[in-house]
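Student: First the structure, then my questions, so here it is.
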Amino acid sequence: MKQVIKGNHAVALGVKLSRVQVISAYPITPQTTIVEELSEMCAHGELDSKFIKVESEHSALAALMGAASDGVRTFTATSSHGLLLMHEVLHWVAGARLPIVLANVNRAVGPGWNIWADQSDSLSQRDTGWIQIYCESNQEVLDCVIMAFRLAEKALLPVMLCFDGFFLSHTSEIVDVPKRTQVDKFLPPYQPEFKLDLNDPRMFGGIIGPEYYYEERFVMHQDSLNTLDEYLKVCKDFSETFGRKYDLIETYRSNDAELIVVTAGTITSVARIAVDRLREAGKKVGLMKVCMFRPVPVEPWQNTLGKASKVVVIDRNLTAGLGGVFASEIQAALYSMENRPTIFPVVAGLGGRDVTPEDVEAVVKSALTGDKPADRPIFWGLKQ
């Protein structure tokens with residue numbers, strides 16, 4: 001059934017369809033309406049779930065650690081400083097191998113105080129062990145919530161679903177909402193092998209000395225890499241069930257492209273318009289959208305970007321003193337290639353600043369005429 005809904009409502013519907021059993025919530029803009037919608041669903045009996053109201057985001061995730069350890073399906077949502085406050089517990093959840101799903105509505109980190117779109121919040125948590133998936137549309141948001149639970153519970157690793165604040169969270173789009181019976185078939189009940197059980201006592205979260213810790217982290221790393229193949233299986237099953245295709249990356253007019261633009265999130269939508277205009281002008285330009293970011297899909301990146309001679313990476317995020325995160329990670333992933341493309345790092349759209357098709361066109365034209373990138377990333381759209 002097709003509905004016109006906002007991105008945050010799409011998350012709530014995905015959680016409802018996934019039959020989540022415990023939801024822990026603390027409000028923060030622009031995430032708040034996700035948990036407000038879920039609280040109403042629980043209050044009205046539409047969703048049979050325990051809704052826990054806590055005093056902070058740190059407590060929100062800590063509460064889910066207990067619930068997930070008890071073997072139930074769990075969810076929370078946050079943004080910006082809320083995610084940063086969870087930092088300690090993010091590590092604990094991943095290390096404990098708990099399949100919690102978290103929706104992070106990407107928002108700038110202060111100061112100065114800013115509530116608009118910026119991916120620096122989730123990307124600053126990229127080393128905590130969570131799988132990260134970035135969405136472009138409200139349809140992707142809903143679908144990826146459902147797929148995230150399937151993936152997390154198979155890999156026994158937590159999943160962070162990321163999408164741009166206000167551009168998606170508070171913007172209405174047409175979304176095809178699947179039937180409950182379809183979702184039930186695709187996402188069976190969560191039944192972990194190990195959980196808290198009074199009839200089968202176990203110890204969780206105990207100290208690990210040097211003789212075991214190293215190997216435990218190696219196994220976690222290997223299992224994270226294995227989720228690349230597992231996610232492809234999830235995407236295949238999802239396509240067969242619901243008719244919509246997803247992948248580790250998404251490409252657009254890239255097969256014969258001499259220059260490929262790399263984006264993540266909603267900038268992808270305007271970049272498609274720019275690619276079409278540049279193609280009409282005779283420029284062989286294509287697009288690669290980053291979908292899964294942790295673990296890093298190195299092989300798909302190499303196979304796609306290795307065909308081009310130049311790559312423009314547009315980052316709506318910033319690591320101060322380095323530049324954009326996606327650009328630096330793509331440079332690392334492509335470093336071992338004998339004939340790697342020249343990469344042009346671009347930072348744009350921080351704090352919700354608009355990035356238009358004209359901006360993307362101008363960035364691409366600048367790269368097409370340049371032999372090599374500047375020593376530092378281009379900060380596009382700065383006010384003079």
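Here, each number is a calculation from the coordinates, and none is a lab measurement. Treat the numbers as computed from the prediction; the structure is a model and nothing was measured. Glycine gets a Cβ as well: all are built from the backbone with ideal geometry, and neighbour counts include every protein chain shown.
Student: Taking 0.36 nm per residue of sequence separation and subtracting the Cα-Cα distance, how much length would be gained by fully extending the chain between V298 and N339, in nm to one decimal? Intermediate results must be reported in sequence, preceding the final value.
Tutor: Details: separation 41, 0.36 × 41 = 14.76 nm, distance 1.54 nm.
Taking V298 through N339 to full extension adds about 13.2 nm, to one decimal.
Student: Moving on. Dividing the convex hull volume of the Cα atoms of region 249-379 by its residue count, what figure in Å³ per residue is obtained? Numbers along the way, then the final one.
Tutor: Details: hull volume 13.2 nm³, N = 131.
Taking the convex hull of the Cα positions in region 249-379, it is 101 Å³ per residue.
Student: Which of P377, T128, P210 sits farthest toward the positive end of the charge dipole of the chain, with +1 on the Cβ of Lys and Arg and -1 on the Cβ of Asp and Glu?
Tutor: P377
Student: Divide the volume of the convex hull of the Cα atoms of region 69-204 by its number of residues and quote the answer in cubic angstrom per residue.
Tutor: On the way: hull volume 15.0 nm³, N = 136.
Looking at region 69-204, the number lands at 110 Å³ per residue.
Student: Among DSSP bridges having both ends in region 103-217, what percentage is antiparallel? Round to the nearest 5.
Tutor: On the way: 0 of 8 bridges.
Given both bridge residues lie in region 103-217, the antiparallel proportion sits at roughly 0 percent.
Student: Determine, for each peptide in 197-204, 298-305, the mean count of other beta carbons within 10 angstrom over its residues, then list the peptides with the highest first. Walk me through the numbers before you get to the answer.
Tutor: Numbers: 197-204: 7.6, 298-305: 18.0.
Top to bottom by mean Cβ count within 10 Å: 298-305, 197-204.
Student: Positive end of the charge dipole of the chain (Lys, Arg +1 and Asp, Glu -1 on Cβ, about the Cα centre): tell me which of A43, I330, V89 has its Cα farthest that way.
Tutor: Comparing the listed Cα positions along the dipole, I330 ranks first.
Student: Of all DSSP beta bridges in the chain, what percent run antiparallel (nearest 5)?
Tutor: Numbers: 12 of 49 bridges.
About 25 percent, rounded to the nearest 5.
Student: So what are the radius of gyration and Dmax for the Cα set of region 59-118, in Å?
Tutor: Final numbers for Rg and Dmax: 12.7, 41 Å.
Student: While we're looking at this one, here's another question. Would you order R316, R150 from fewest to most other beta-carbon atoms within 10 Å of each residue's own beta-carbon?
Tutor: On the way: R316 29, R150 25.
With the sparsest Cβ surroundings first, the list reads R150, R316.
Student: In the P(r) worked out for region 1-88, what percent of Cα pairs fall beyond 20 Å?
Tutor: Working: 1195 of 3828 pairs.
So the pairs more than 20 Å apart make up 31 percent of the total in region 1-88.
Student: With unit charges on the beta carbon (Lys/Arg positive, Asp/Glu negative), name the residue among C144, V312, G286 whose Cα is farthest towards the positive pole of the charge dipole of the chain.
Tutor: Looking along the dipole axis, the top candidate is G286.
Student: With +1 on each Lys and Arg Cβ and -1 on each Asp and Glu Cβ, and nothing else charged, work out how big the dipole of the chain is about its Cα centre, in Debye to the nearest 20.
Tutor: For this selection, approximately 700 debye.
Student: Cross-link candidates for K365: which lysines have Cα within less than 18 Å, leaving aside residues fewer than 8 places away along the same chain?
Tutor: Once the sequence-local lysines are set aside, what remains near K365 is K283, K284, K310.
Student: Using the number of other C-beta atoms within 10 angstrom as an exposure proxy, rank L123, L232 with the fewest first. Working shown, then result.
Tutor: Values: L123 25, L232 16.
Ranking L123, L232 by Cβ neighbours within 10 Å, fewest first, gives L232, L123.
Student: Three principal axis extents, largest first, for the C-alpha atoms of the chain, in Å?
Tutor: Rounded to whole Å, the extents work out to 69, 53, 45 Å.
Student: What nm value, rounded to one decimal, do you get for the distance between R376 and L232 when each label is placed 7 Å out toward the C-beta?
Tutor: With each label placed 7 Å out from Cα toward Cβ, I get 4.0 nm.
Student: Taking 0.36 nm per residue of separation and subtracting the Cα-Cα distance, what length does fully extending E358 through L225 add? Could you put the intermediate results ahead of the total?
Tutor: Numbers: separation 133, 0.36 × 133 = 47.88 nm, distance 3.73 nm.
Residue separation times 0.36 nm, minus the Cα-Cα distance, leaves 44.1 nm.
Student: Size of the dipole of region 249-379 about the Cα centre, Lys and Arg at +1 and Asp and Glu at -1 on the beta carbon, nothing else charged, in debye to 20?
Tutor: Details: 16 positive and 15 negative charges, 9 e Å.
With only Lys, Arg, Asp and Glu charged at Cβ, the dipole is about 40 debye.
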